[in-house]
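Working notes for the structure below.
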Amino acid sequence: MAQTGYQILPFIPYPFQISLRQANLNFSYRKTHFKNHSLLVTTPPKSSQQETHHPSVPETTKTQEEEDGIPMEDVNIIAKFKSRHNYIRVLEVSRKADHPFAGARLLLLDGPGNIHSISFLFKPFTGTYFDVFATLPPIIPPGPIAVLGFGAGSAARLILELYKQPVVHGWELDPAVIMVGRKYFRLKEVEREHKDRIFIYVGNALQASVENGFSGIIVDLFSRGSLIPELQDPQTWEKMRKSLRNGGRIMVNVGGSCVEAENRRRDGKKVMEDTLKAMQRVFGEKLFVLSLGNGQDDSSLALTGHLPDLDLWRKAVPRSLKHYVHMWTQFSS
């Protein structure tokens, strides 16, 4: 069923100039990068017995992963501390690095080094699943959008800067993550520039609610390097479905093999499959999946509701995001 015309909202052209190379790059297809959700940092040739790799990132052998990883000399750790809920690190990648994340700031929250937020100084798009989240507003009715698992605000910032109408309500369990977002990821400026369109709450995202329900819900809920167990429970999705307005949708980062959990028994691909099956029990045939990467680097997102009119959807998103529209396929277990 196609979406009605009023649901297709135009985007605001971003003020920065984006080169064709930047606009057309889709880093999520690269076999070895940050695994779309986790960071690879390679070590330079050892000249002594001293360890040179960052302790929070798994050491890699000299494989294709090392070729696409970021040499340690190109990474600056600008913050590192433990909060009540997370092992927080903020990394800055040198603009001279020969890597898609050159010039980026990255937020890592767990031992394996999974990325939870990313920000570039001179370009809006990240080349990761955050960009896919930014395609949601044109296919939902007017109204508030929830971001469950707010992080430092990567998804919220894109949505607010690309579209005029959405109001974003973000939930984050760890107040230290919000503090880091304001200090290192320009979240404070986003709040100031869009003061009537962004509201941030510290607390359990699964208790999120607003009067009259959400038009859209973005779910990016990870803990200790894995999707939270509640997302493998159909009751969680039934409750979330009931918090939507008529015509509302949910878009979910369901991870995949690319996600490294602190608990090795929480296999990323298996957790992804169990999450999708739980969603299918609630949404049935109205569940679609977009896959990024392949093999050990696969990562997926899920979308609920009827498949929108793809041509209208494609016209309503920025040029750099158009290719994502036709990548959705119906989920089948």
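The values are calculated or read from the model by the stated rules, or taken from the named source; none is laboratory data. From a predicted model like this one, the values you see are computed outputs, not experimental measurements. For neighbour counting, all protein chains shown are included, and Cβ atoms are generated from backbone atoms with ideal geometry for every residue, glycine included.
Counting only residues that are crowded, with 24+ Cβ neighbours inside 10 Å and under 23 Å from S215 (Cβ atoms), which one in segment 262-292 is farthest from the chain's Cα centre (by Cα)? Per the stated criteria, the residue is M279.
Set side by side, the residues V259, V210 differ, and just one is buried (at least 17 other Cβ atoms within 10 Å of the Cβ), touching a residue at least 24 places away in the same chain (Cβ under 8 Å), outside the structural domain of Y87 (by TED's automatic domain parsing) and of a type in the set (A, V, I, L, M), which is V259. Under the condition of being modelled with pLDDT under 90 and either in the same structural domain as L109 (by TED's automatic domain parsing) or among the hydrophobic types (A, V, I, L, M, F, W, C) (or both), the residues counted in segment 262-281 number 0.
Just one of the listed residues (I88, I78) is loosely packed, with under 15 Cβ neighbours inside 10 Å, modelled with pLDDT of 95 or more, part of a strand (DSSP E or B) and β-branched (V, I, T), and it is I78.
I want to confirm something. Restricting to segment 224-246 and keeping residues that are assigned to a strand (DSSP E or B) and buried (at least 18 other Cβ atoms within 10 Å of the Cβ), which single residue is modelled with the highest pLDDT? Restricting to residues being assigned to a strand (DSSP E or B) and buried (at least 18 other Cβ atoms within 10 Å of the Cβ), the top hit is L244. The set of residues in segment 101-119 that are part of a strand (DSSP E or B) and among the small types (G, A, S) comprises A104, S117, S119. The residues of segment 152-169 include none that are under 17 Å from R319 (Cα atoms) and among the polar types (S, T, N, Q). In the set (1) touching a residue at least 60 places away in the same chain (Cβ under 8 Å); (2) assigned by TED's automatic domain parsing to the domain that holds E211; (3) touching a strand residue (DSSP E or B) at 6+ places or on another chain (Cβ under 9 Å); (4) among the acidic types (D, E), E172 fails one condition alone, (1). Among all positions in segment 314-321, there is no residue which is surrounded by 18 or more Cβ atoms within 10 Å (Cβ to Cβ) and touching a strand residue (DSSP E or B) at 6+ places or on another chain (Cβ under 8 Å).
Tell me, which residue of segment 130-173 that is part of a helix (DSSP H, G or I) and touching a Ser or Thr at 6+ places or on another chain (Cβ under 6 Å) is nearest to L231 (Cα to Cα)? Step by step, filter segment 130-173, then rank; the result is F130.
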